[in-house]
Amino acid sequence: MRLHAARTPTFSHAPAGGPRPLALVTREHEPVLAPELVDLLAPEPGETAVDCTFGAGGHARLIAERLGPEGTLIGIDRDPAARDRFSRFAAEAPCRALFVGADFVAGLRALRGEGIRPDMVYMDLGMSSMQVDAWERGFSYSYDAPLDMRMDPRQGFDAADLVNEWPESRIAQVLRRFGEERHAGRIAREIVARRPLRTTSELVAAVQAGMPASARFGGGHPAKRTFQALRIAVNGELDLLNEALPPAWDALPLGGRFAAISFHSLEDRPVKQFLAAKATGCICPPEIPVCVCGHEPEADLLTRRAVAPGPAEMEANPRSRSAHLRAAVKIAFDTTADAPSGVDA
């Protein structure tokens, strides 16, 4: 199957800079749960880290400080705007730097093809502040802009295509599944009745018209769930996450660490379930009194419960309020699958 342009990885190398300290907060973006992420990953000098969602590099800056001149930080991002931000990061980074221009599924597979085995892999899921603030990209219901919502502008399909071409039943399904919108059917009906919709303000008007008056007030902006649902559908975010978790884990050596920061239950649930399965030993049916499967856990959970921001961070950075951080360390390989290249299972 031919990869879409957004999933075709491109590599960019940058030399290591001097070992100057890097700021926790960038001019564009404040990383969420940053100290907690660094503590759980515990990067050591000379190790290799993969940032699957580089964004503005807020987390990468803190990790890079720990890796030192013999370490390597690899940033993956499908947003072309991230390449320029990575170039600025690499010019200051106290470690080697490599950028992969792709979504994290294609990026992780490309790294595997290059024989790169990182000591840690982490993901900061969802949408970045820079994407929200770029009004012309149509991610926000706060600005009047073209209906776009593509994380990779090279992708052909956008939010306008979805709302104007998909049948009402499928739009309602998207709003219900990805936005957990109680009024999905009514909103989808209103969207179809108002076609064509070309701007975010037209979509907001359709959402408000499709909701009962009592639901338009309280609980945040009435279009919040609809915009989230359309963005997830346009970018295939949950499919990519589910597809990325196995290669992210498989890339790690024994002692390798994985972490993910999510911002809503639809992202957190697959991460939680994936890591829980990796940390599970015997998988025999409960009616069998003695284990016969011989299944051993592959992971030791570093977070028995998701780590949430403290009151100070939530006050300073409201975006962090819904964040959840989960992490695990690899303690064994799956002996039922092929052992990773060059590693004895």
Restricting region 132-188 to residues that are of a type in the set (Lys, Arg) and either in contact with a Lys or Arg (Cβ under 8 Å, 6 or more places away or on another chain) or under 16 Å from PRO222 (Cα atoms) (or both), the one surrounded by the most Cβ atoms within 10 Å (Cβ to Cβ) turns out to be ARG137
Return yes or no: is SER214 hydroxyl-bearing (Ser, Thr, Tyr) and at pLDDT 95 or above?
-> no
Could you tell me whether region 59-71 includes any residue that is among the acidic types (Asp, Glu) and touching a residue at least 60 places away in the same chain (Cβ under 8 Å)?
-> no
For the subset of region 189-205 comprising residues that are of a type in the set (A, V, I, L, M) and surrounded by fewer than 17 Cβ atoms within 10 Å (Cβ to Cβ), which member is nearest to SER140 (Cα to Cα)?
-> ALA205
Go through the residues of region 237-246 one by one and say whether even a single one is farther than 26 Å from ARG137 by Cα and either crowded, with 19+ Cβ neighbours inside 10 Å or among the β-branched types (Val, Ile, Thr) (or both).
-> yes
Scanning for something out of contact with any Lys or Arg (no Cβ under 6 Å at 6 or more places or on another chain), surrounded by 14 or more Cβ atoms within 10 Å (Cβ to Cβ) and in a loop (DSSP other than H, G, I, E, B), does region 285-296 turn up at least one residue?
-> yes
Tell me the helices (runs of 4 or more DSSP H) entirely within region 146-243 that contain at least 1 residues that are over 20 Å from the mean Cα position of the chain (by Cα) and touching a residue at least 12 places away in the same chain (Cβ under 8 Å).
-> 159-165, 168-179, 184-193, 200-210
Filter pass, LEU275 being among the hydrophobic types (A, V, I, L, M, F, W, C) and assigned by TED's automatic domain parsing to the domain that holds THR48 | yes
Considering only residues that are touching a Pro at 6+ places or on another chain (Cβ under 9 Å) and of a type outside the set (Val, Ile, Thr), look in region 160-187 and name the one that is nearest to ASP268 (Cα to Cα).
-> HIS183
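The values are calculated or read from the model by the stated rules, or taken from the named source; none is laboratory data. This structure is a prediction, so every number in the text was calculated from the model and none was measured. All Cβ positions, glycine included, derive from the backbone under ideal geometry; neighbour counts span all protein chains shown.
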